[in-house]
Amino acid sequence: MNALEAISLSSFYGAQKVLENFSITVAPGEFVTLMGPSGSGKSTFLHVATGLVRSAEGQVLINGSDITKMSDSKAARFRRRHIGVVFQAYNLLSTATVEENIVMGVKLDKRPIDKKRLSYLIDKLGLGGLEKKKPDEISGGERQRTAIARALFPEPDLILADEPTGNLDIKTSKDICSLLSEIGKTEKSAILLVTHDPVVAAAAKKVHFIKDGALVKSIETCNDAALVSKAYLETYS
Ligand SMILES: Nc1ncnc2c1ncn2[C@@H]1O[C@H](COP(=O)(O)OP(=O)(O)OP(=O)(O)O)[C@@H](O)[C@H]1O
Ligand SMILES: [Mg+2]
């Protein structure tokens, strides 16, 4: 069974068609990226796949369950249990501290807080010393890393991340790609990451290209950023 299987998604904002017959699959433990120009529908796809945009036609099967058919409350619970999401705008709770944001989903589910995992992620994401700070008291990159820690904390089956390294320096960005690869391998999490950065895309096994809301090409990256750049330019020129 695939971790994520989106089948023939179409989505509209008013009269504008944003996704058109968009299909994609991610197997358990697979790390893929999604690239495409600004406005091509990447964030919209992630919002549909997480059950936050409910208007789409088609199916989104996560571990075989169709999130588009669930009620809002069931989709929210399902998301907390199975999907780690890093939103493009982070969506951190401004009144909660870094640490409270990271554990929020697990706490809402009244599940025990794994303190060892919390320390591991705080350390791996370089958030040590910031645990008690609020989102508006830390930098943009620190907020982004808090959002990544929050997505990874519950050991989700599927990680959906929208430009999670967009605000990070080259070294931190590289470290985060390594962390995601490692988590994908050790925890068998499937990862779909949206990025504009060919170096980040090359950290994944496969890259998919979206154009005007449709998936138009997929390639093996061979861990080669130059190959990804070339394919990108060929697709969109
Ligand atoms: N809430 C909304 N209401 C109306 N139109 C929207 C809304 N969100 C996005 N759109 C439109 O849908 C299209 C796709 O937007 P989307 O955010 O999915 O693009 P994207 O590929 O994520 O771009 P970027 O790389 O800039 O993040 C754009 O034309 C955008 O203007
Ligand atoms: Mg976007």
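Tabulated results
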read-out	value
Residue within segment 111-124 that is within 30 Å of ALA214 (Cβ to Cβ), out of contact with any helix residue (DSSP H, G or I) (no Cβ under 6 Å at 6 or more places or on another chain) and not β-branched (Val, Ile, Thr) present	no
Subset of segment 193-227 [aliphatic (A, V, I, L, M) and assigned to a loop (DSSP other than H, G, I, E, B)]	ALA202, ALA203, ALA204
GLY166 being of a type outside the set (Val, Ile, Thr), outside any helix (DSSP H, G or I) and at pLDDT below 95	yes
Boolean, PHE31 is buried (at least 17 other Cβ atoms within 10 Å of the Cβ), in contact (Cβ under 8 Å) with a residue 60 or more places away in the chain and aromatic (Phe, Trp, Tyr)	yes
ILE83 modelled with pLDDT of 95 or more and in contact with a Lys or Arg (Cβ under 9 Å, 6 or more places away or on another chain)	no
Options LYS132, LYS107; residue that is assigned to a helix (DSSP H, G or I), out of contact with any Cys (no Cβ under 9 Å at 6 or more places or on another chain) and of a type in the set (Lys, Arg)	LYS107
Boolean, LEU92 is touching a Lys or Arg at 6+ places or on another chain (Cβ under 7 Å) and either surrounded by 21 or more Cβ atoms within 10 Å (Cβ to Cβ) or part of a strand (DSSP E or B) (or both)	yes
Qualifying residue in segment 223-237 (condition: more than 16 Å from ligand 1 (Cβ to nearest atom) and either of a type in the set (Phe, Trp, Tyr) or in contact with a Gly (Cβ under 6 Å, 6 or more places away or on another chain) (or both))	no
Residue list for segment 11-61, restricted to those being assigned to a strand (DSSP E or B), in contact with a His (Cβ under 8 Å, 6 or more places away or on another chain) and within 14 Å of ligand 2 (Cβ to nearest atom)	THR33, LEU34, MET35
Close pairs (7 angstrom Cβ cut-off, 6 or more residues apart or separate chains): without any contact (Cβ under 8 Å) to a residue 40 or more places away in the chain and farther than 16 Å from ARG77 by Cα in segment 151-173, assigned to a loop (DSSP other than H, G, I, E, B) and within 16 Å of ligand 2 (Cβ to nearest atom) anywhere	THR165/THR195; THR165/ASP197; SER173/THR165
Answer residue from segment 39-57, given it is under 17 Å from GLN16 (Cα atoms) and more than 11 Å from ligand 1 (Cβ to nearest atom) and is surrounded by the most Cβ atoms within 10 Å (Cβ to Cβ) among those	ALA56
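The values are calculated or read from the model by the stated rules, or taken from the named source; none is laboratory data. Values in this document were obtained by computation on a predicted structure and should not be read as measured data. Every residue, glycine among them, receives a Cβ derived from its backbone with ideal geometry; neighbour counts consider all protein chains shown.
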